[in-house]
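Peer 1: The structure follows.
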Amino acid sequence: MLNIIRIEWLKVKNYRTFWILLILAVIVIPASNTIVADVVSRIPKQATDILGRNFYDFPVAWQTVANVNSFTSIIFGLLLVTLVTNEFTYKTHRQLVIDGWERLDLVLSKIFWVVALALLALVVSFITAIVFGMIYSTAPFSFEGVQFLFFYFLQVLVSLSIALMLGMFIKRSGLATVIYLGYAMIFEQLLTVGLKHSVGAIGGLLPLQAGDELLPFPVVDKVLPSSSDYSHGVYEITIILYIALFIGLTCRRMLKADY
């Protein structure tokens, strides 16, 4: 596995597009929370008194950061699509097989990026939540509610799994990117609305929507009823099953494809 990681590092260390997208993905996490915190600071005190607390007060700071970051996780998916499709554009995967790699090694190299990027998103979000909580919170530090970052981690994982599968099956960077963006930003949203209206709660069990159901904006439940139809456990299991399905399909494709 260490050799796989070393080879993957050699692929990206001088790849400018990778570093630009990676830096953007990391910066956008605290940047988006800065915007939200600035907007929240302008809310009249009477309104915050009704809601009960500031959105960046502990312990709700964990949930706020997770919710805000869930809207930016698509950038990590774009990065993964680029990495996967480059393997086919530059025939890197074929050269590695010629050099002695097993097909399983190719599978592990892509799963490595799924896990690595999701962990990076989690770590940056964790640090962001602590920093913003320390700056804006009037309550003492607390780990209560930190599970929302785990929910965010699951959402990033399923988003990356979709990106991995699309990149592997489509192979062309431009087309895979358009389909990934179209699904994440438009198609699943329309499908969710349609299913919820025609079938019911099952519409909330689509891959990305299940993550959204786990990450409602905090405090809002004081003025609006919850939109979640199932328990957290149902959504967590659903997301894990989707991750297993998408990675399983990707592995089957990589192991059976004619290179």
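None of the figures in this text is laboratory data; all of them are computed from the coordinates on show. Because the structure is a prediction, the values reported are computed rather than measured. For neighbour counting, all protein chains shown are included, and Cβ atoms are generated from backbone atoms with ideal geometry for every residue, glycine included.
Peer 1: Under DSSP H, which helices of the chain have Cα atoms covering 24 Å or more of the helix axis and a Kyte-Doolittle average no less than 1.6?
Peer 2: Sorted by number, the helices that extend far enough and score high enough are 16-41, 103-136, 147-170.
Peer 1: Same structure, new question: Any chance you could run the full-extension gain for residue 255 through residue 143? It's 0.36 nm times the residue separation minus the Cα-Cα distance, nm to one decimal.
Peer 2: Working: separation 112, 0.36 × 112 = 40.32 nm, distance 4.24 nm.
Stretched out fully, the residue 255 to residue 143 stretch lengthens by 36.1 nm.
Peer 1: Tell me the trypsin sites (Lys or Arg not before Pro) within segment 1-31 that lie in a loop according to DSSP and have at most 14 other beta-carbon atoms within 10 Å. Intermediate values should be presented prior to the final figure.
Peer 2: Numbers: sites: 6, 11, 13, 16; in loops: 13.
Filter output for segment 1-31: 13.
Peer 1: As a test of the formula, what do you get for the chain when each DSSP H run with n ≥ 4 contributes -39,500 (n - 2.57) and the sum is divided by the residue count, at 222 nm and rounded to the nearest 500 deg cm²/dmol?
Peer 2: Details: 12 runs with 190 residues, N = 259.
It lands at -24500 deg cm²/dmol.
Peer 1: Right, another one. Over the chain, calculate the relative contact order: mean separation of alpha carbon pairs under 8 Å at least 6 apart, over the residue count, as a percent.
Peer 2: On the way: 292 pairs, mean separation 68.8, N = 259.
Answer for the chain is 27 percent.
Peer 1: Within 10 Å, count the other beta carbons around each residue, average over each peptide in 112-123, 175-186, and list them highest first.
Peer 2: Ranking, from highest mean packing down: 112-123, 175-186.
Peer 1: I need the peptides 78-87, 60-69 ranked by packing, meaning the mean over residues of other C-beta atoms within 10 angstrom, with the highest value on top.
Peer 2: So the peptides 78-87, 60-69, ranked by packing, come out 60-69, 78-87.
Peer 1: Also, I was wondering about something else. With the cut-off at 1.5 for a/c, could you classify segment 100-207 from its C-alpha gyration tensor as rounded, prolate or oblate?
Peer 2: It is oblate, given that a/c is not under 1.5 and a/b is not larger than b/c.
Peer 1: Of the lysine pairs in the chain, how many meet both conditions: Cα atoms under 20 Å apart, and a spacing of 8 or more in sequence or different chains?
Peer 2: 12
Peer 1: Within 10 Å of each residue's Cβ, count the other Cβ atoms and sort 17, 128 from fewest upward.
Peer 2: Sorted ascending by nearby Cβ count, the order is 17, 128.
Peer 1: Given 132, 21, 207, which one lies farthest toward the positive end of the charge dipole of the chain, if we put +1 on the Cβ of every Lys and Arg and -1 on the Cβ of every Asp and Glu?
Peer 2: 21
Peer 1: Segment 149-249: which trypsin sites (Lys or Arg not before Pro) are DSSP loop and have at most 14 other beta-carbon atoms within 10 angstrom?
Peer 2: Here the trypsin sites (Lys or Arg not before Pro) that fit, given the DSSP loop and packing criteria, are 172.
Peer 1: Using just the Cα positions, wrap the chain in a convex hull and report its mean projected area in square nanometres, one decimal place.
Peer 2: Average projection, Cα convex hull of the chain: 15.1 nm².
Peer 1: Let me ask you something else. Using 1/(1 + (r/R0)^6) with R0 = 30 angstrom and r between the beta carbons of residue 181 and residue 102, what's the FRET efficiency to the nearest 0.05?
Peer 2: On the way: r = 33 Å, r/R0 = 1.10.
After rounding, the FRET efficiency stands at 0.35.
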